[in-house]
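Participant: Can you read through this structure? Questions will come right after.
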Amino acid sequence: MKTETTAINIDRGKGDFFYPEAHVRDAGIGLSERTIHYIADVKEDPDWVRDFRLRALKTFWEKPLPTHWASKELEAIDFDKIRYYLAQGTEPKRSWEDVPEDIKRTFERLGIPEQERKFLAGVEAQFDSEAVYSNIKKAVGEQGVIFVGSREGLKNYPEIFRPWFAKVIPVGDNKFSALNSAVFSGGSFIYVPPGVKVKHPLQAYFRINAENFGQFERTLIIADEGSEVTYMEGCTAPKFNTPTLHSAVVELVALKGAKIQYITVQNWASNVFNLVTKRGLAQENAEVKWIDCNIGSRLTMKYPGVIMKGRKARGEVLSIALANDGQHQDTGAKMIHAADETTSNIISKSISIGKGRATYRGLVHVPKHLKNCKNNTECDALLINATSRTDTYPAITVRGTGNAVQHEASVSQVSAEQIFYMQQRGLSEAQAMSLSVNGFVNDLVRQFPMEYSVELKRLIELEMEGSVG
Amino acid sequence: MPLVTNHEISKSGSILSGPAELRDLPEWFREEQRAAWDQFENLPQPTRKNQAWRFSNVALLDLAPFKTSPPLSEDDRRNILKYSRGLEQYAGRMIFANDLLVERDVVSEDLKKRGVIFQPLERAMVEHSDLFRKYFMSTEATLGSAKFAALHKAHVSTGTFVFVPRGLEIELPIEIFHWLRHDNMSVFPHLLLVADELAKVTVIEHFRSCSRTAPGLACGVNDLIAGPGANVTYVCAQEWASNVIALQINSTVVDHDASAMSLNLHVGGKYSRFESLSRLIGEGGRSDLLAVAVAKHQQEFDARTLQDHISPRTSSDLLYKNALDDRARTIFGGLIRVEPHAHFTDAYQKVRNLLLSDDAEANSMPGLEILADNVRCTHGATSGQIDEDELFYLRTRGIPTRVAQRLLVTGFLDEVIQRLNHPVIGDHLHRLIEEKFAA
C-alpha cells in the first residue's frame, strides 16, 4: 500500500530565478480610481474603455468574495498590497533582435528552444503586463488574421472587437472578472476572418516577474464563420515570498461553423493565486474546446465554460490538474446548453500528491424546450498519499424530455498490484509510480496537439521526479 | 382500545409564537425546548445562496400560516384508525394524528420480556431517560436544516421510541403512522430507534393527510442507531396531501460491522425536503441509502445526503431515482465524505432522473470529498427519458402507449425497491407508486 509514500518533491527550480526589475511604468501599490486613471492614461485608452474600467472597479468593490462556496484561502489576498500595473515601457516588439537581453535569458532558462519558436506560427511572449515580444508569422498576417495585444485591439480595431468585448463574460460575472475589467493589460486579441483555417497554433507565453503584482491579461478571440484557430497559453513564474495574483479573463466567440481550441498549461509558482474566468460562445455548428492543464499555483480557481447558443453547437473541456503540497487546484467546467441538438463533453483528471487538494466543480445546464441535447461528464481522481485530498462538486440541471445527461466520477489510488508488477520487471518504485501516473492521464494527453503533449509529458515527468524513494 | 394521552395544549395558535409548553413533559426537557426555540429564532432563514439550499424553492418555506394542533374529535380518531391500513402483519404499531397518540398496539409479551422497549417518546423521556438523553438528536443537522431541527426540538411533543436489546431479532416490521388533520396544522414526528449489538429490526413509517389538499407542515427528525453488528432497516412512505410542506431530517449512526438500510418513498407534498446523514463510525459498517420520488404537477422534492465515512473499511451505497412529470422539480445534493484515516472506504452514489415532460426539471449535485487514500469512491448522475426502442418494443406487443410508458417508469423505479429485499413492504410501496400514476 502506498500510504507510506513521502510527498512528491516537485522541482520548481526551473522557474525559481529572476532578474533585476527595471519597470519604467508603475501604477504603484493598491487600487483606487487614481490607479485606473493612471492605467488608462499610460495605455492611452479611448474614453469608452476608461469608463468601462471605472464602472468595473465599482462592481469589484460591491461584490463580496465568493467564500460561501469557494476556498477561505481567498481571504489571504490583500488587494491593497498588489501592484496593478507595470510594464517595461516598451512597445510590443516585432523582431527577436529588439527583445531586451535579460528577457531573452529568461526564455533561455525556461527552455523554450529557438527552433520551437520558429516552428510555431506566432509567439507572443508576455513579460509582466505588456507583450514585449510578438512575432506573427507572415503567413498568418497574409490570411487576414489579426493577432494583437488588448490595448492595440481596442484602439485600432474597435469595429471588430468592441461588439464582443465583455459580452461573453460580463463585468459583474464574478468579483475577479470585475477586477480584471478594471485593471486589465496585456493578453491577446485575435480575429480570424471567415473560412480561414489557421494551420499553426498561435502561442503566447506569460510570465509574472514582479513581487506583489498581479497580472490581469485579457484575451478575446473571434473566429468568424467557418474559420478554425488553435491558441496556446503557457505559464511559468519565479517564486516569491508574498502571494501574487493572476486574474485573467478569456472570451472566445465562435461564429457559425467556426472552431476554436484554447490550450493552457499553467505552471505558476506555488504562491500564486490563479483566479481566471474563461468562457466561450458557440453559435450554430460551431465548436469551442478548452484544454486545460493546471500544475502550478497555490490556489487555482478556473472553470472554463461554453455557452452553446446555436443549433448543433459543441462544447468540450479536457482538463488535467496536479495538486501537490500546499496547492489547491479548484477546477472544473461549465456547460450551458441554449439551443437544440447541442452536445458537450467534460473529461477531467486530477492527481493529488502529498497534502495537495484537487477539486472538481461542474455545472451543466439544459433548460426546457430543448431537444436532443447531450452531455457527458467524466471525472477521475488519483490519490497518491494518505494526506492527499480530492473533491467533486458537480451541479446538473436538466429540463424536458429529449435530453440526456450523464455524469460519472471515480476516485482511486495507484494500484499496488500495478506497482508490484512493474517492480517485478525491474523498475524502481519511483519509475513505476511515474509510469502509472502517466498512464492515468495518457488517454487525455493523447488528445492534445503534438507539441503540447510532448511538453506536458515532460512536465509530468519533471513533477514526478524524486516523488517516491 | 385506543390509548389516548391527555395532552393539554397550553398554547394553540401559530407555531412561530414560541416553543411548546407542555406541562406533562419533564422540566429538563422543557428547558431544552426553550433553548432550541432561541436557536431557531437566531438561525437565519435559508437562501439559495447557501450551497445546502442551492436550487431549492426557499420561498415555499413560509411557516407563518401553520398552527399547533388542537385536540381531535372522537370521529376523527375513529376515521384515522379505520384508514391506518399499511402492512397486514406487524410486530408493533403506533398511530399519531396531529401529534397525538391515537392508538398503540404494543409488542408481544414475549418481546417485552426479552427487553424490547416500544413506547411513546414522552414516556421514554421519563422511564428511559439515560438512553433518551444519549441518543435523542445527538447528531447535529449539518445538511442545511439546522434551523428546522431546532424548530422540531422546540415543538416535539410525542413520537416513537424503540429499543431492541442485544442479539434480539424482531422478524415483523414495526409500523408507525403520522396523520395531518385539518387545514394549516403542523406535526413534528420523531422516531428514536436504538438497535443494540447484533440486534435486528425493521421500521416503516407512513406519513398521510386526512384531506387530499389541506395545507400543512411536517417537520420530522429521526435518530437511527445501529449498534455493533446490528441490522436496521428503515422505510418511509411519504404520502402527504398536495399542499403540505414537509421537512424530514434523518441521521443514522452505523457502528462496527453493523448494517443500516433506508428507503424513502416520496409521492406527496408540495415541497418535500429530506436530509439523510449516514455516519459510519466503526470498521466494517455498511450503509445503504435508497430513495424513490414520483413528482407530478408542481411538486418539488429536495433530497440532501451525506455518506460520512469516519472509520476505515466502511462501505456505503446510495441509489436515488426520480420520475418527473408535468412541471415538477427534483433536487439531489449528495456528498460522499471520506474523513482522514478512513482508508479502504468503498462508497458509491448514484442518482437517476427520468423526465416525462418538457417542463420537468431535475437538478443533480453529486459530490465527493476524499481526505484519505486507498479508497474506491464513485458516483454517477444521469438524466434522460424513456427509451424509444423499449417503448416501441412494448407497442409492437399490443400494449397501448400510455400503459407501456407506465410500465417502463415503474420498472425504472422498481430497481430501488427490489434492493430492499422485503417483498411485503416492496408490494406496499409498489402500490403507492401505481396509485400516484393512476391519480
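Participant: Anything in the range B:211-241 that is part of a loop (DSSP other than H, G, I, E, B) and within 28 Å of B:His422 (Cα to Cα)? List them, or say none.
Facilitator: B:Gly227, B:Pro228, B:Gly229, B:Ala230, B:Trp240, B:Ala241
Participant: Within the range B:223-235, can you find the residues that are in contact with a Phe, Trp or Tyr (Cβ under 8 Å, 6 or more places away or on another chain) and crowded, with 24+ Cβ neighbours inside 10 Å?
Facilitator: B:Leu224, B:Ile225
Participant: Just one of the numbered conditions (1) in contact with a Phe, Trp or Tyr (Cβ under 9 Å, 6 or more places away or on another chain); (2) among the hydrophobic types (A, V, I, L, M, F, W, C); (3) more than 9 Å from every other protein chain (Cβ to nearest Cβ) is not true of A:Ala409; which one?
Facilitator: All conditions are met except number (3).
Participant: Right, here's the next one. Only one residue in B:Arg419, B:Arg376, B:Arg352 is touching a residue at least 12 places away in the same chain (Cβ under 8 Å), within 14 Å of chain A (Cβ to nearest Cβ) and surrounded by fewer than 17 Cβ atoms within 10 Å (Cβ to Cβ). Which one?
Facilitator: After applying the criteria, what remains is B:Arg376.
Participant: Moving to a separate point now. Does B:Val409 satisfy being modelled with pLDDT of 90 or more and either farther than 21 Å from A:Thr377 by Cβ or assigned to a loop (DSSP other than H, G, I, E, B) (or both)?
Facilitator: yes
Participant: Follow-up question, since we're still on this one. Can you name every residue in the range B:39-92 that is within 14 Å of chain A (Cβ to nearest Cβ) and at pLDDT 90 or above?
Facilitator: Result: B:Pro44, B:Pro46, B:Thr47, B:Ala52, B:Trp53, B:Arg54, B:Phe55, B:Ser56, B:Asn57.
Participant: Give me the residue from the range A:245-267 that is touching a helix residue (DSSP H, G or I) at 6+ places or on another chain (Cβ under 7 Å) and outside any loop (DSSP other than H, G, I, E, B) and, out of that set, farthest from A:Phe161 (Cα to Cα).
Facilitator: Ranking the qualifying residues of the range A:245-267, first place goes to A:Asn267.
Participant: Look through B:Ile281, B:Ile310, B:Ile336 and report the one residue that is out of contact with any Pro (no Cβ under 6 Å at 6 or more places or on another chain), among the β-branched types (Val, Ile, Thr) and within 13 Å of chain A (Cβ to nearest Cβ). Before the answer, list the steps.
Facilitator: On the way: B:Ile281 fails: within 13 Å of chain A (Cβ to nearest Cβ); B:Ile310 fails: within 13 Å of chain A (Cβ to nearest Cβ).
Of the residues listed, the single one that is out of contact with any Pro (no Cβ under 6 Å at 6 or more places or on another chain), among the β-branched types (Val, Ile, Thr) and within 13 Å of chain A (Cβ to nearest Cβ) is B:Ile336.
Participant: Test of understanding: among A:Val364, A:Val398, A:Val411, which residue is among the β-branched types (Val, Ile, Thr), over 26 Å from the mean Cα position of the chain (by Cα), in a strand (DSSP E or B) and surrounded by 16 or more Cβ atoms within 10 Å (Cβ to Cβ)? Quick ask: steps written out before the conclusion?
Facilitator: Working: A:Val364 fails: over 26 Å from the mean Cα position of the chain (by Cα); A:Val411 fails: over 26 Å from the mean Cα position of the chain (by Cα).
It is A:Val398.
Participant: Look through A:Ile320, A:Ile336, A:Ile346 and report the one residue that is surrounded by fewer than 23 Cβ atoms within 10 Å (Cβ to Cβ) and modelled with pLDDT of 90 or more. If you could, list the steps in order and put the result at the bottom.
Facilitator: Working: A:Ile320 fails: surrounded by fewer than 23 Cβ atoms within 10 Å (Cβ to Cβ); A:Ile346 fails: surrounded by fewer than 23 Cβ atoms within 10 Å (Cβ to Cβ).
Matching residue, one of A:Ile320, A:Ile336, A:Ile346: A:Ile336.
Participant: Can you tell me how many residues in the range B:93-135 are crowded, with 18+ Cβ neighbours inside 10 Å, in a helix (DSSP H, G or I) and not hydrophobic (A, V, I, L, M, F, W, C)?
Facilitator: Qualifying residue count, the range B:93-135: 2.
Participant: Can you go through A:Asp45, A:Asp51 and tell me which one is out of contact with any strand residue (DSSP E or B) (no Cβ under 9 Å at 6 or more places or on another chain), modelled with pLDDT of 65 or more, not in a helix (DSSP H, G or I) and not polar (S, T, N, Q)?
Facilitator: A:Asp45
Participant: Give me the residue from the range A:353-371 that is more than 8 Å from chain B (Cβ to nearest Cβ) and charged (D, E, K, R) and, out of that set, farthest from A:Glu408 (Cα to Cα).
Facilitator: Taking the candidates together, the pick is A:Lys355.
Participant: Separate question: Any idea how many residues of the range B:358-373 are farther than 30 Å from B:His341 by Cβ and in contact (Cβ under 8 Å) with a residue 40 or more places away in the chain?
Facilitator: Total meeting the criteria: 3.
Participant: Can you tell me which residue in the range B:19-38 is modelled with the highest pLDDT, limited to those that are assigned to a loop (DSSP other than H, G, I, E, B) and surrounded by 16 or more Cβ atoms within 10 Å (Cβ to Cβ)?
Facilitator: So in the range B:19-38, the residues assigned to a loop (DSSP other than H, G, I, E, B) come out as B:19-26.
Next, only the ones that are surrounded by 16 or more Cβ atoms within 10 Å (Cβ to Cβ) stay: B:19-20, B:22, B:25.
On the way: B:Pro19: 87, B:Ala20: 81, B:Leu22: 79, B:Leu25: 91.
Only one residue tops the list, namely B:Leu25.
Participant: If you don't mind, another one. Take the residues of the range A:372-395 that are more than 9 Å from chain B (Cβ to nearest Cβ) and in a loop (DSSP other than H, G, I, E, B): which is farthest from A:Asn442 (Cα to Cα)?
Facilitator: In this case the residue turns out to be A:Asn372.
Participant: Right, another one. Would you confirm whether or not the range B:51-69 contains a residue that is in contact with a Ser or Thr (Cβ under 8 Å, 6 or more places away or on another chain), free of Cβ contacts under 8 Å to residues at least 60 places away in the same chain and in a loop (DSSP other than H, G, I, E, B)?
Facilitator: Scanning the range B:51-69, I find at least one residue that is in contact with a Ser or Thr (Cβ under 8 Å, 6 or more places away or on another chain), free of Cβ contacts under 8 Å to residues at least 60 places away in the same chain and in a loop (DSSP other than H, G, I, E, B), so the answer is yes.
The values are calculated or read from the model by the stated rules, or taken from the named source; none is laboratory data. Everything quoted here is computed from the prediction, not taken from an experiment. Don't worry about glycine lacking a Cβ; one is built from the backbone with ideal geometry, like all the others, and counts go over all protein chains shown.
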